[in-house]
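A.B. asks: Pasting in a structure now, in structure tokens, and then I'll have a few things to ask.
The values are calculated or read from the model by the stated rules, or taken from the named source; none is laboratory data. Predicted, not measured: the structure shown is a model, and the values here were computed from it. Positions of Cβ are generated from backbone atoms using ideal geometry, with glycine treated the same way; all protein chains shown enter the neighbour counts. Heavy atoms of the whole protein, side chains included, go into the accessibility calculation; ligands, DNA and RNA do not. Shrake-Rupley method; radii C 1.70, N 1.55, O 1.52, S 1.80 Å.
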Amino acid sequence: MEDQLILGIETSCDETAASVVRNGRQVLSNIISSQIPLHRKFGGVVPEMASRKHTENITGVVDLALKEAGVTLEDLDAIAVTRGPGLVGALLVGLQYAKGLAFALGKPLIGVNHIEGHISANYIQYPELEPPFVSLVVSGGHTFIVEVRNYRDYVVVAKTRDDAVGEAFDKVARALSLPYPGGPQIDQLARKGNEDAIAFSRPKFHEETLDFSFSGIKSAVLNYLNSAAQRGETIVPADVAASFQKAVVFNLIDHAMQVAVNRGYHRIAVAGGVASNSYLRHNLVEEGKKQGIEILFPAAVLCTDNAAMIASAGYYQLQAGDISPLSINAEPNLGLRL
Ligand code: KG4
Ligand code: ZN
């Protein structure tokens, strides 16, 4: 089969990204223009500012992705773009740009699900990886355990019922006066702390479930900080970070391992921004060794939002003949249903 070159475009949140990927696996360029310094001043992403920045950056980012890959627009086989989930105004910038390119060039447009993109980052990291496997999707907006039965065939086994895990990291970091985004900050700070200093217990559900809930533990941390301050006790931020991280990460590990073991899978591929958490990486690998389950993680640059993962997912969508009409709209609340 002939090589397929796909341009991926990602603007669902605060990264303007473009990438050229060959045959879904080989990254020829991966340009990411992060808006983190801009949003940091406000402690989180300001949607209107994100859209405006995407508009300013998109042309330059796409041009650079083509230049670094050494290809022209005419060489491309398709344009893949995130259509959701994400911030509606931010998504629209990438989507309009991709539609314009697809129309002008007469090439297929492929509207990609951002969550499917995160999972596909593993295909880039592990060129031999084929489904089936279990994926633990952990990002700022999503927390899922998914059975990846085949390309484009997903069964969601568990999800969060409230906050996403990255969101919980970010909120706890904020309470500890750490800068945005808080996940990497907690990761760093926790290394200096005692993970058994404070017992933050797990949520209890009435029924048997592998679903998650992170808002309770986030509130428990905030309550702990408030009452310690009221009593005039010294707070050790590193201990709070380490204890919070331990509770959350082992919750993720336990549930993901249960899904893999009970459903007869031998691999768990982790995805999303929180997949770069060093404590999760270390402990999940250790747990995997005990239970004979292989644990896969994309490199950090493929974990947080990027367009290479969108181009990879777009490749498998193109193979399946799932081409989008130019009339597709942004879908801010898109789930992992295809
Ligand atoms: O996948 P991503 O870039 O965006 C979404 O699709 O949400 O994930 C961003 C999230 C943020 O909540 C950030 O704090 C978190 O990933 N994150 C981390 C780490 N690196 C990024 N959380 C914990 N530990 C990290 N090392
Ligand atoms: Zn993401």
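A.B. asks: From the set of residues in the stretch 285-315 that are more than 19 Å from Ala17 (Cβ to Cβ) and part of a helix (DSSP H, G or I), which is nearest to ligand 1 (Cβ to nearest atom)?
C.D. replies: If we take residues in the stretch 285-315 being more than 19 Å from Ala17 (Cβ to Cβ) and part of a helix (DSSP H, G or I), then Val285 is nearest to ligand 1 (Cβ to nearest atom).
A.B. asks: Okay, moving on. Could you check, for the stretch 141-159, whether at least one of its residues is of a type in the set (Gly, Ala, Ser), away from ligand 2 (no atom under 15 Å from the Cβ) and either open to solvent by 30 Å² or more (accessible area, probe 1.4 Å) or touching an Asp or Glu at 6+ places or on another chain (Cβ under 8 Å) (or both)?
C.D. replies: Within the stretch 141-159, one or more residues are of a type in the set (Gly, Ala, Ser), away from ligand 2 (no atom under 15 Å from the Cβ) and either open to solvent by 30 Å² or more (accessible area, probe 1.4 Å) or touching an Asp or Glu at 6+ places or on another chain (Cβ under 8 Å) (or both).
A.B. asks: Being more than 15 Å from ligand 1 (Cβ to nearest atom) and either open to solvent by 20 Å² or more (accessible area, probe 1.4 Å) or at pLDDT below 95 (or both) is the filter here, so list the residues in the stretch 256-284 that pass it.
C.D. replies: The first filter runs over the stretch 256-284 and keeps only residues more than 15 Å from ligand 1 (Cβ to nearest atom), leaving 256-268.
Within the stretch 256-284, Gln258, Val261, Asn262, Arg263, Gly264, Tyr265, His266, Arg267 meet the criteria.
A.B. asks: Can you name the number of the only condition in (1) surrounded by 23 or more Cβ atoms within 10 Å (Cβ to Cβ); (2) of a type outside the set (A, V, I, L, M); (3) more than 19 Å from Ser312 (Cα to Cα) that Thr55 fails?
C.D. replies: Every listed condition holds for Thr55 apart from (1).
A.B. asks: Can you find even one residue in the stretch 210-224 that is away from ligand 1 (no atom under 16 Å from the Cβ), in contact (Cβ under 8 Å) with a residue 24 or more places away in the chain, touching a strand residue (DSSP E or B) at 6+ places or on another chain (Cβ under 7 Å) and open to solvent by 30 Å² or more (accessible area, probe 1.4 Å)?
C.D. replies: Checking the stretch 210-224: at least one residue is away from ligand 1 (no atom under 16 Å from the Cβ), in contact (Cβ under 8 Å) with a residue 24 or more places away in the chain, touching a strand residue (DSSP E or B) at 6+ places or on another chain (Cβ under 7 Å) and open to solvent by 30 Å² or more (accessible area, probe 1.4 Å).
A.B. asks: Exactly one of these conditions fails for Ile110: (1) of a type in the set (Val, Ile, Thr); (2) crowded, with 20+ Cβ neighbours inside 10 Å; (3) within 16 Å of ligand 2 (Cβ to nearest atom); (4) not assigned by TED's automatic domain parsing to the domain that holds Thr209. Give me its number.
C.D. replies: Against the list (1) of a type in the set (Val, Ile, Thr); (2) crowded, with 20+ Cβ neighbours inside 10 Å; (3) within 16 Å of ligand 2 (Cβ to nearest atom); (4) not assigned by TED's automatic domain parsing to the domain that holds Thr209, Ile110 comes up short only on (3).
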